[in-house]
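The values are calculated or read from the model by the stated rules, or taken from the named source; none is laboratory data. If you're wondering where the values come from, they're calculated on a predicted model, not measured in any experiment. Glycine also receives a Cβ, built like all others from the backbone with ideal geometry; neighbour counts cover every protein chain displayed.
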Amino acid sequence: MPQTFSAERVLEYPGGYTRSVGPVIGRFLTGLRDGRILGVRLADGRVLVPPTEYDPTTSAPVAADGDRWIEVGPIGTVQAFTWVAEPRAGKHALERPFAFALIRPDGADTAMLHLVDCGSADAITIGTRVAPRWRAERSGYMTDIEAWVPLADGEQPVPAPVRVPAEDEEAEVTGITVPIALRFVNTAGESTTRYLHGMAEGKIIGARAPHSTDVYASSRGTDPKTGEPTSIEVEVADTGCVTTFCVVNIPGLSDLAPEIPYASAQILLDGADNTFFGLIRGCSVDEVHMGMRVKAKWADELKPDHTSILWFEPTGEPDAPYEHYKDNL
Amino acid sequence: MRDVAVVSFACSAVAEDPVHNETEMIVPVVHEALTAGGIPKGELGFVCSGSLDYLQGGPFAFVAGLDAVGAWPPLRESHVEMDAAWALYEAWIAIQTGEVDSALVYGFGKSSPGDLHEIMALQTDPYYVLPLWPSMVDMAALQASAYLEASGRTDADLAEVAARSQRAARSNPIAVRSGDVSAADVLAAPVTHAPLRDADIPPITDGAAAIVLAAGDLARDVCERPAWIRGIEHRIEAHGLGLRDLTRSVSTRQAAEAAGALGGADVAELHAQFSHEELILAEALGLDGSVAVNPSGGPLAANPVMSAGLIRIGEVARRITAGEAGRGVAHATSGPCLQQNMVCVLEGGN
């Protein structure tokens, strides 16, 4: 058994996740944009910071308007902390080591999570008095406060720098954009690795379980009907028939996608009992139809991945009868 | 209430499985649980799983997990995007309805393909917390900081927990971290996420677990000594870390009271991923020195995410079925800093 294949990839939505924040969170974030920390006085008198849409104890709605909103801080007290010796590039707001802390702003009864830029782990403790270091450019986002910094006795916090609103800026913050990128190294697994090696040799390698005649190409490792491992390797043909298909009229679905319009299809390969995805070329998209016999067009350079099969082309053979593929639709 | 019992349990864990995909990893565990459970797959009333698509980074990744069970003829099936202890809870409810008499529950997850500690930031609220990217360990360390301050305990207490876990894990075949370790050994290592050391932080683990549940006479037929579920409850607290008291676990206490878990036990298996969590949970559950806590080593010894909670139930059940314990308490948690907690009481007898 050759070494199992793995592939590195990044799960990412270019431009980040856009989220509507709603009126309660929106008002808090608008406050940050203005250089102020806002809290809400709950029915029991406690001041909630940062405000949530519902009272965390009673679930009563928190009104986005009204006179229960007050400004808190800007000075706060560290309630709990930990030290981040190795900041995460592209994620953390600071590139140098910092503390994460739960900070209770003066006038609040709850604490908010944020960064404390204090130089070293021994420069912070529970009870340390801290104040926000505001960014000059603020958009209504948690990192409008770049970090909190310890205050010496009697030291006054630095007010937020005045910012000039953009002309098209909304009066209230209604949404945020959160960049998210996660890196993975996924394992193909034993069965898919066998299949991928086949691709590099111009073969389509399927597999079946000992107690079934059903052949899967490719197999993820089990017979999905029974859960039995597909331990028996079976080569299937690179010919088959179209079971179902669609004509794609949307450009740019992937880097490998051809010019639109093109047809993609499920293909029942000869010798397999499940369908195989492929593009159909070599004929007009108007000519693609269920039952059409097709054959794989292999790339000149074979590799252990799906680029080895460029597309499927019509063979000109008579159509497969409906009975042949009716259980694969 | 119908009497429902755990009749079989299987699990696997390794630090990293670079060979098998998730489906291949689940197969032997499900097979072992089904074989030991004695109920043919075709006669199972319900199948429920727990996993987290973010671990693979694939939308609907959990669907492929069902290929390890086999879904033809069609099954009654469900999934929770949580630890599989909550899948067991759903299965227990399904059996309580009287619609079904048995269930297969399984959980799986590979922590090694991505950065687990970073991924777990995505379970926090996306407005106030996620933009700051606190890792799973950062959040736990904040709770440890608050707990030590409030309780007067020190990192020496954490080290006792960590060391005992590693010593206990020497007899656990799926432990990925174990050894003849003393608290002094633990304290000799550097603090990595103040106030936590690496030994206080669960090891990255790939693994799976499966349990078969059966009701009443069916359980008695297939298992000589079923582990009966005498109570199972879960409670949840506010998600905001600064909105709740991190120094104690109110929801664990509430779940334990509702489940009848405060009446003593021979063994307790706690889903304590970090040393301080075991101390907080033991206080909430009223466990004194007479109860063997995490004799398996617990999640500090092996932490296959999304099955580590189910494994706690399985570990207690296994000891009852083996006749080593008469009554036990299993705990599972979900969310950052013990946000949501389940308590399950299991007993032997008929």
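Couple of notes before you dig in:
- Within the stretch B:153-171, considering residues that are buried (at least 20 other Cβ atoms within 10 Å of the Cβ) and not small (Gly, Ala, Ser), the one farthest from B:Ala15 (Cα to Cα): B:Asp155
- Which listed residue is of a type in the set (Val, Ile, Thr), more than 21 Å from A:Pro224 (Cβ to Cβ) and within 14 Å of chain A (Cβ to nearest Cβ), from B:Val14, B:Val6, B:Val63, B:Val29: B:Val14
- Among the residues of the stretch B:62-98, those identified as over 20 Å from the mean Cα position of the chain (by Cα) and surrounded by 19 or more Cβ atoms within 10 Å (Cβ to Cβ) are B:Ala64, B:Leu66, B:Asp67, B:Ala68, B:Val69, B:Gly70, B:Ala94, B:Ile95.
- A residue that is more than 14 Å from every other protein chain (Cβ to nearest Cβ), assigned to a loop (DSSP other than H, G, I, E, B) and loosely packed, with under 13 Cβ neighbours inside 10 Å cannot be found anywhere in the stretch A:217-227.
- Tallying residues that are more than 30 Å from B:Ala121 (Cα to Cα) and either within 14 Å of chain B (Cβ to nearest Cβ) or of a type in the set (Val, Ile, Thr) (or both) within the stretch A:144-188 yields 3.
- Some residue of the stretch B:230-238 being within 13 Å of chain A (Cβ to nearest Cβ) and more than 20 Å from the chain's Cα centre (by Cα): yes
- Just one of the numbered conditions (1) in a loop (DSSP other than H, G, I, E, B); (2) under 32 Å from the mean Cα position of the chain (by Cα) is not true of A:Trp311: (1).
- Scope the stretch A:1-46; condition without any contact (Cβ under 8 Å) to a residue 40 or more places away in the chain, among the aliphatic types (A, V, I, L, M) and not in a loop (DSSP other than H, G, I, E, B); matching residues: A:Ile25, A:Leu38, A:Val40
- The number of residues in the stretch A:228-237 being assigned to a loop (DSSP other than H, G, I, E, B) and surrounded by 21 or more Cβ atoms within 10 Å (Cβ to Cβ) comes to 1.
- With respect to the conditions (1) part of a helix (DSSP H, G or I); (2) within 12 Å of another protein chain (Cβ to nearest Cβ), B:Gly58 falls short on a single one, namely (1).
- Any hit, the stretch B:264-271, residues being touching a strand residue (DSSP E or B) at 6+ places or on another chain (Cβ under 7 Å), over 17 Å from B:Gly50 (Cα atoms), acidic (Asp, Glu) and not in a loop (DSSP other than H, G, I, E, B): yes
- Taking the listed residues B:Asp245, B:Asp206, B:Asp198, the one that is surrounded by 18 or more Cβ atoms within 10 Å (Cβ to Cβ), within 13 Å of chain A (Cβ to nearest Cβ) and among the charged types (D, E, K, R) is B:Asp206, with no other qualifying.
- Test result for A:Thr244, outside the structural domain of A:Lys203 (by TED's automatic domain parsing), hydroxyl-bearing (Ser, Thr, Tyr) and under 28 Å from the mean Cα position of the chain (by Cα): no
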